[in-house]
Amino acid sequence: MLHSPDIQIILRKENAGIKSAGMDTQPHPTQSDPFYRAVAPLIGLPAWFVRRGHGSFLTLEFGAPSLRIREPKVSPDNSGKVAALSRRRKVLPRGEWHLWIYCCHWRVLSRGEEIAWSEASDKKISAATSELDGQILTAAEADPAQGTSVFKFDLGATLQTWPYGSGDTQWMLYMPSGDVFSYREDGSYSSGPGSLPPEQVVWQPLRPDTTD
């Protein structure tokens, strides 16, 4: 697939630069692209434990599961329901890769038909997460000039994101290394340790020729 200033960054399983049928395939031109490097390991993996978080946030897990345990906390600053929740131990499964659809509009389609978008009813959003759950990621696309992205799955589901228009981070991909790849609605990205303070995060154009 061609890669030029006039097309989107596109990543598909069949172009991932892997060996198959005893024949070497050449690396895809976009392998030098930071979006490609971040998302490539997810191609061919099923999304699991797809959940709605606070508001319209979505989370998708990829790769081998592990448990994240948050120990109980007691704070004099908390009271009522917050204090009760803090006193509990919380255990959640987490994938090697954790995709957090954050501050953006999103839409889930099944074979081209919309199931839900970020402002839909709870019932429709629940149907959308169920649709994504268990489907294998086959392609990912980003259009930095528009601030959009698309994730495509093997059983016909598609997850699209587009900007709120407020300059926020659209989504974050937490990786096994501890690094986080973040995609902002202005077409910029950051990639680095998840423990880095926000003021030290460096944002760069995903593709300088399309984000001016």
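Just so it is clear, none of the values below were taken in a lab; they were calculated from the coordinates. Note that the structure is a prediction, hence the values are computed from the model and not measured. Don't worry about glycine lacking a Cβ; one is built from the backbone with ideal geometry, like all the others, and counts go over all protein chains shown.
Quick notes on this one:
- Under the convention that each Lys and Arg Cβ holds +1 and each Asp and Glu Cβ holds -1, the size of the dipole of the range 11-205 around its Cα centre is about 920 debye.
- When you filter the GluC sites (Glu not before Pro) in the range 80-142 for DSSP loop state and at most 16 other Cβ atoms inside 10 Å of their Cβ, you are left with Glu119.
- A full extension of the chain between Leu45 and Ser66 corresponds to an added length of 6.0 nm, given 0.36 nm per residue minus the alpha carbon distance.
- Using alpha carbons only: equivalent-ellipsoid semi-axes of the range 11-205, gyration tensor based, whole Å: 29, 20, 19
- Distance in nm between pseudo-label sites at Ser195 and Lys73 (7 Å out along the Cβ direction from Cα): 1.7
- A cut-off of 5 Å between modelled amide H atoms, ignoring neighbours fewer than 5 places along the same chain, links Ala116 with Val108.
- The order of the peptides 38-45, 120-127, 105-112 by mean Cβ neighbours within 10 Å, most packed first, is 38-45, 105-112, 120-127.
- Global geometry of the range 48-111, whether rounded, prolate or oblate, following the gyration tensor of its Cα atoms and the 1.5 cut on a/c: oblate
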